[in-house]
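Asks: Can you read through this structure? Questions will come right after.
The values are calculated or read from the model by the stated rules, or taken from the named source; none is laboratory data. It should be emphasised that the depicted structure is a prediction, and the values quoted were computed from it without experimental measurement. Cβ: placed from backbone, ideal geometry, glycine included. Neighbour counts: every protein chain shown. Calculation scope for accessible area: heavy atoms of the full protein, side chains included, ligands and nucleic acids excluded. Shrake-Rupley method; radii C 1.70, N 1.55, O 1.52, S 1.80 Å.
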Amino acid sequence: MIKSYLISTICIFFICCQSNTAQDKKNSSKKVQKTELEWKKQLTSLEYNVLREKGTERAFTGKYDKFYENGTYLCKGCDTPLFLSENKFNSGTGWPSFDAGIKGNIGYDSDNYLGYTRTEIHCNTCKGHLGHVFDDGPSETTGKRYCVNSVSLLFAPKKKQD
Ligand SMILES: [Zn+2]
């Protein structure tokens, strides 16, 4: 009796350890952490300024402002999928705009840099700055406007299906 109790306790302990290790592995592989020097080597100076120093590219200058191909927009810093082309719309602001982001992959912070509160958005994997989200998006969908810097993104076209 005692023996079987002991065995089952050991089994439960072992299963718990196993699942914890698996969980830790999953979480740690999701985060990308690099030194400032490593980021500077990987990114152009404009990409570094926007992604790592929360800068903003000039309006109407980004390559994805007037760009409407089918595909997925990845994080320029770490390739995490952030936005889908079906959520992109023309806001007329001069920056790529989306009415939604890919859930779980985008993080939110409040930002008082301009003297009023805005919601800053960043990549949840590498913390790279993307832009801001506002409540003046298309009312027929989500009402949100994710205002994103082109240099924070890398477009991956959808493969054509024959
Ligand atoms: Zn990233």
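Asks: Looking at the stretch 73-93, which of its residues are away from the ligand (no atom under 16 Å from the Cβ), surrounded by 18 or more Cβ atoms within 10 Å (Cβ to Cβ) and part of a loop (DSSP other than H, G, I, E, B)?
Replies: 91 - this is the single residue of the stretch 73-93 that is away from the ligand (no atom under 16 Å from the Cβ), surrounded by 18 or more Cβ atoms within 10 Å (Cβ to Cβ) and part of a loop (DSSP other than H, G, I, E, B).
Asks: Return yes or no: is residue 56 open to solvent by 20 Å² or more (accessible area, probe 1.4 Å), without any contact (Cβ under 8 Å) to a residue 60 or more places away in the chain, away from the ligand (no atom under 13 Å from the Cβ) and among the polar types (S, T, N, Q)?
Replies: no
Asks: Only residues that are more than 19 Å from residue 104 (Cβ to Cβ) and β-branched (Val, Ile, Thr): list them for the stretch 54-86, please.
Replies: 56, 61
Asks: Another question, if that's okay. Taking the stated definitions as given, is residue 48 within 16 Å of the ligand (Cβ to nearest atom) and either open to solvent by less than 40 Å² (accessible area, probe 1.4 Å) or closer than 23 Å to residue 143 by Cβ (or both)?
Replies: When the stated conditions are applied, residue 48 passes them.
Asks: Could you tell me which numbered condition residue 96 fails, if it satisfies all but one of (1) surrounded by fewer than 22 Cβ atoms within 10 Å (Cβ to Cβ); (2) closer than 16 Å to residue 72 by Cβ; (3) without any contact (Cβ under 8 Å) to a residue 60 or more places away in the chain?
Replies: In the conditions (1) surrounded by fewer than 22 Cβ atoms within 10 Å (Cβ to Cβ); (2) closer than 16 Å to residue 72 by Cβ; (3) without any contact (Cβ under 8 Å) to a residue 60 or more places away in the chain, residue 96 misses (1) alone.
Asks: Separate question: In the stretch 128-151, is there at least one residue being in contact (Cβ under 8 Å) with a residue 60 or more places away in the chain, hydroxyl-bearing (Ser, Thr, Tyr) and in contact with a Lys or Arg (Cβ under 9 Å, 6 or more places away or on another chain)?
Replies: yes
Asks: For the stretch 102-162, please list each of the strands (runs of 3 or more DSSP E) lying entirely inside it that holds at least 1 residues being open to solvent by 60 Å² or more (accessible area, probe 1.4 Å), aromatic (Phe, Trp, Tyr) and within 16 Å of the ligand (Cβ to nearest atom).
Replies: Where strands (runs of 3 or more DSSP E) fall fully within the stretch 102-162 and carry at least 1 residues being open to solvent by 60 Å² or more (accessible area, probe 1.4 Å), aromatic (Phe, Trp, Tyr) and within 16 Å of the ligand (Cβ to nearest atom), they are 106-111.
Asks: Okay, next question. Among the residues of the stretch 28-43, are any open to solvent by less than 100 Å² (accessible area, probe 1.4 Å) and away from the ligand (no atom under 16 Å from the Cβ)?
Replies: Within the stretch 28-43, none of the residues are open to solvent by less than 100 Å² (accessible area, probe 1.4 Å) and away from the ligand (no atom under 16 Å from the Cβ).
Asks: Filter the stretch 44-61 down to the residues that are charged (D, E, K, R) and either assigned to a helix (DSSP H, G or I) or over 17 Å from residue 114 (Cα atoms) (or both) and list them by number.
Replies: 47, 52 - these are the residues of the stretch 44-61 that are charged (D, E, K, R) and either assigned to a helix (DSSP H, G or I) or over 17 Å from residue 114 (Cα atoms) (or both).
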